[in-house]
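S.K.: Here you go, one structure.
Taken together, the values in this text are just the output of simple stated rules run on the coordinates, not laboratory data. All values derive from a computational prediction rather than experimental measurement. Note: ideal-geometry Cβ built from the backbone for every residue, glycine included; neighbour counts use all protein chains shown.
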Amino acid sequence: MKRITIVLAFIGMISLQGCTTNDDIDNDTISQVFELRNVSFGYNPNDGYTIYQTFNPQIFSSDVVLIYRLTGLINSNTPIWQSIPRTLYLPEGELDYDFDFSSVDFTIYAGGTYNLGLTPSFITNQTFRIVIVPGYFSKNSSLDYNDYNAVVKAYNIDESKIKKLN
């Protein structure tokens, strides 16, 4: 009798080991980067200066979006990425970059204490990197999310596979 119980317990353990509640799909555990290159902010009186894009496909509602603006180059192979939101203090006044996102879209905003049309180099031909971090991984409290290169390294992002949105 003990042998039958042991055999049934063994079979039960093997069959239950194959069951899982983890519905993990590769797409929801892989960080992605999209690039908007040489885009200009559009203007409307209600929202001010904005860049609007949709995600295709949509991202998961638990995902986190990080956005970085290209601010210059050290050399042709070394871009300088600055995280937004960000406030720039210019001779004309303060210029703010900010963004919001949902699982279907995101909007980047440029606003300031002066007429941004006076500094077109900050609202035209801009390049942004949009990093999608799966919610499961976004709880890394020791990571400096302001440092684009640290984020790329931490999430094993292959920069040769960055998708262009425009």
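S.K.: Assuming R0 = 41 Å, what is the FRET efficiency of L88 and T54, from their Cβ-Cβ distance, to the nearest 0.05?
M.R.: On the way: r = 27 Å, r/R0 = 0.67.
Here the calculated transfer efficiency is 0.90.
S.K.: Still on this model: What does the convex hull of the Cα atoms of region 45-112 come to per residue, in Å³, rounded to a whole number?
M.R.: Convex hull of Cα atoms, per residue: 123 Å³.
S.K.: A further question on this structure: Work out the length of the dipole vector of region 23-164 about its Cα centre, built from +1 on the beta-carbon of each Lys and Arg and -1 on the beta-carbon of each Asp and Glu, and round it to the nearest 20 debye.
M.R.: 440 debye
S.K.: Sticking with this one: Which whole-Hz couplings ³J(HN,Hα) result when phi for each residue of region 53-69 is put into the Karplus expression 6.51 cos²θ - 1.76 cosθ + 1.60, θ = phi - 60°, listed in order with x for Gly and Pro?
M.R.: Running phi through 6.51 cos²θ - 1.76 cosθ + 1.60 with θ = phi - 60° gives 9, 9, 8, 9, x, 4, 8, 6, 5, 8, 5, 10, 10, 10, 10, 10, 10 Hz.
S.K.: Hey, another quick one. Using a basic spin-label model with each label point 7 Å from the Cα along Cα→Cβ, how many nm lie between D100 and S160?
M.R.: Simple spin-label model gives 4.0 nm for this pair.
S.K.: Count charges around N38 for me, please; just the other residues with Cβ under 15 Å from its Cβ, Lys/Arg as +1, Asp/Glu as -1.
M.R.: Counting the neighbours of N38, the net charge comes to +3.
S.K.: Continuing with the same structure: What are the principal axis extents of the Cα atoms in region 23-164, in Å, biggest first?
M.R.: If we take the Cα atoms of region 23-164, the spans are 50, 36, 27 Å.
S.K.: Give, in nm to one decimal, the length gained when the segment between N46 and T107 is fully stretched (0.36 nm per residue of separation minus the Cα-Cα distance).
M.R.: Details: separation 61, 0.36 × 61 = 21.96 nm, distance 1.39 nm.
20.6 nm is the gain from fully extending N46 to T107.
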